[in-house]
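Each remark here refers to the structure printed beneath this line.
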Amino acid sequence: MAGGTGGGETIMATREFAAHEAHAHAAPQGFIRKWVFSLDHKVIGLQYYFLALTAVLVGMTLSLLMRIHLIWPNVHLPLFGDIKPETYVTLVTMHGTIMVFFVLTTAPQGGFGNYFLPIQIGAADMAFPVLNMLSFWVTFLAFVVMLGAFFVPGGAPLHGWTGYPPLSAVPTAGPGEGPGADMWIISIALFCIGALMSALNFITTTLDMRAKGMSMMRMPLTCWAWFITAILGLLAFGVLFSAGLLLLLDRNAGTSFYVPLTVFSGQIVAHKGGSPLLWQHLFWFFGHPEVYIAILPAMGLCSQLVSVFSRKPIFGYKAMVYAMLSIGLLGFMVWGHHMFMSGMSPYSAFAFSIMTMAIGVPSAIKTFNWLGTLWGGRIRLASPMLFAIGFVSLFVSGGISGPFLAQPTLDIPLHDTAFVTGHFHLIMGVASIFGIFAATYYWFPKMFGRMMNESLARWHFWLTFVGTYCIFMPMHYAGMAGQPRRYSQFTELHYLEKLIPLNAFITFAAFVTIAAQLLFVFNLFWSMKYGKKASDNPWEATTLEWTTATPPPHDNFGGHTPVVYNGPYEYSVPGAPRDYVMQTDPTMVAAH
């Protein structure tokens, strides 16, 4: 009994200490301490967000160049000149790497997670503010190193975002595989260090710094999603970091972890005994949880928005929590489905196939619970809700093709075709991006004190939503017709000539969709200065960030720590004075 009490006292003491520390780093005065090397989780969140915004504009430009080259392989572009076949594969590599690491991992977790996790659990800051600052600057450095790969002799690498050896492990294997590939690996390693520091911070903050009354089962689902994502990051990025280190040694120190006895350009390489499959196992052991690192924060946010804008409690709160925990657990057991082509034992393939089918179950539970929340609700179709519903649509459409690829017999003909490209862009790429958009429209008033322009937001939604389907749905058909991934041009291939009009359609859809993103960028920066002034709780939501001032003060709650009495989704409560009950409203005693 005493032990239990002691544990409680320890947690309370940790909270008090952390709160004291948060106040201890008083509001900074100078520009550098306030906006550059800031310890405030809100500023760090914004830094992550704008890093991701820069990265997405770079990644989008690379994809535009790829689409142009596929339709007009011989066109001479201003600034970029001719795109040679090896340049095209470089574009593929850098587009994938920048989007996966510096956009899908950075914005939902680093950006919104850093900004809103402490506020939503009633904390004054993250548990380790200095570590938080370091994790951002290491990530920023990783991005600079990644972009630097374009400007070294030989240019950026062409080994794909997955970096398969021996192509990535032998510096003479091709153009861009010299210093550019080293910079690519170093950038990934730096990113892993930043992600590990960030993950530790998220986990400690969630477990130790919740306000009085904020039990785990009273946390908003956004906080659960960031917490589970941090656990995945802690377990996955360490593996990728080790794998990258070994690859760097193979390239520069003469080791043979990944390079077997092989012949390159007619010469035997000075390696023997390595296994390229070792890299695939290590990479995909990180790579599949990475898919969920990108999508879980968007799932949590979608749950939040569907409840807020339907004016109903989320359908099956506990089921949602357990589904996210199951996805996190099962996510580590399915990496082999990326490797059905590698000659693995059919028994292993069967096991990975079963696990991959199983992970569809918690995903389906979440989808039906979102639909259950919408059912019979008083739905308000504001722009955050549109993007949340768009997210559900993309998640289902992209997810449906997952069970096809989970079958080794179907995956083998579909592997390395455009079918796979269409599948993962829908479920992992654009679905996560829709989550980022929804979060931006939803939390912008809290972050900047102004509303974003609603009619521009609607135009942005419909153009992006329709454009996305026009780009990625036809890719599934092209893949089934046998169009390979990563071919720099197929205008000369007789068996693919009937697909040229389809590819032209995809390219024009990409032009329109990318142009629509300029509406978003304009709306974002214009609204910061000229948007309509926002109230403290414009969406009539219940969670803690809407109880504080707009934008939140330095210690989030202006000196007083909130006390939580209710769950996060108390909407349309019978007998309540309004149609929502804030988490901080004292519990009402029933009249009887």
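Bear in mind these aren't lab numbers, they're just calculated from the coordinates by the rules spelled out. Note that the structure is a prediction, hence the values are computed from the model and not measured. Reconstructed Cβ throughout: ideal geometry from the backbone, glycine too, with neighbour counts over all protein chains shown.
Please work out the FRET efficiency for the pair ALA27 and THR409, using the Cβ-Cβ distance as r and a Förster radius of 56 Å; give the result to the nearest 0.05. Display every interim value, and only then the final one.
On the way: r = 62 Å, r/R0 = 1.10.
Taking R0 as 56 Å, the efficiency between ALA27 and THR409 is 0.35.
Where a ≥ b ≥ c are the square roots of the eigenvalues of the C-alpha gyration tensor, would you call segment 432-472 rounded, which needs a/c under 1.5, or, failing that, prolate if a/b is larger than b/c, or oblate? It would help to have the intermediate numbers written out before the result.
Working: a/c = 5.43, a/b = 1.89, b/c = 2.86.
Here segment 432-472 falls in the oblate category.
Which of rounded, prolate or oblate describes the chain when judged by the alpha-carbon gyration tensor and an a/c cut-off of 1.5?
prolate
Would you grab the residues whose amide H sits under 5 Å from the one on PHE315? Only those 5+ places off in sequence or on another chain, please, with H modelled 1.01 Å from N.
THR373
Mind ranking 102-112, 487-497 by how tightly packed they are, going by the mean number of other C-beta atoms within 10 angstrom, highest first?
102-112, 487-497
If r is the Cβ-Cβ distance from VAL573 to LEU381 and R0 is 22 Å, what FRET efficiency results, to the nearest 0.05?
0.45
When the chain is fully extended, how far beyond the present Cα-Cα distance does VAL361 get from PHE525, taking 0.36 nm per residue of separation?
Here the answer is 55.0 nm.
How long is the gain from PHE505 to GLN267 if the chain were fully straight, where each residue apart is worth 0.36 nm and the alpha carbon distance is subtracted?
Difference between extended and current length: 81.3 nm.
Need one number: nm distance between label points at PHE80 and VAL144, each 7 Å from Cα along Cα→Cβ, rounded to one decimal.
The modelled label-to-label distance comes out at 2.7 nm.
How much net charge surrounds ARG378 when only other residues with a Cβ under 9 Å from its Cβ are counted (Lys, Arg +1; Asp, Glu -1)?
Values: positive: ARG311, LYS312, ARG380; negative: ASP579.
Summing Lys/Arg as +1 and Asp/Glu as -1 gives +2.
Can you tell me which aspartates and glutamates have their Cα less than 19 Å from the Cα of LYS34? Leave out same-chain residues fewer than eight positions away.
Of all the aspartates and glutamates, those that pass the test against LYS34 - Cα under 19 Å, at least 8 places apart if same chain - are GLU21, ASP125, ASP555.
First measure r as the distance between the Cβ atoms of ASP208 and MET333, then evaluate 1/(1 + (r/R0)^6) with R0 = 25 Å and state the FRET efficiency to the nearest 0.05. Could the numbers behind the result be given before it?
Working: r = 29 Å, r/R0 = 1.17.
Result of the calculation: an efficiency of 0.30.
Going by the alpha-carbon gyration tensor, a ≥ b ≥ c the square roots of its eigenvalues, is segment 141-197 rounded (a/c under 1.5) or, if a/c is not under 1.5, prolate (a/b greater than b/c) versus oblate? Please list the in-between numbers first.
Numbers: a/c = 2.79, a/b = 1.51, b/c = 1.84.
Oblate, because a/c is 1.5 or more while a/b does not exceed b/c.
On a straight-distance basis, which lysines could pair with LYS446 in a cross-link, Cα separation under 17 angstrom, same-chain partners fewer than 8 positions away excluded?
Within the straight-line limit of under 17 Å, LYS446 reaches these lysines: LYS42, LYS529, LYS532, LYS533.
Given the Cα-Cα distance of VAL152 and LEU65 and 0.36 nm per residue of separation, how much length would full extension add, in nm? Walk me through the numbers on the way to the answer.
Numbers: separation 87, 0.36 × 87 = 31.32 nm, distance 2.03 nm.
Net length gain for the segment: 29.3 nm.
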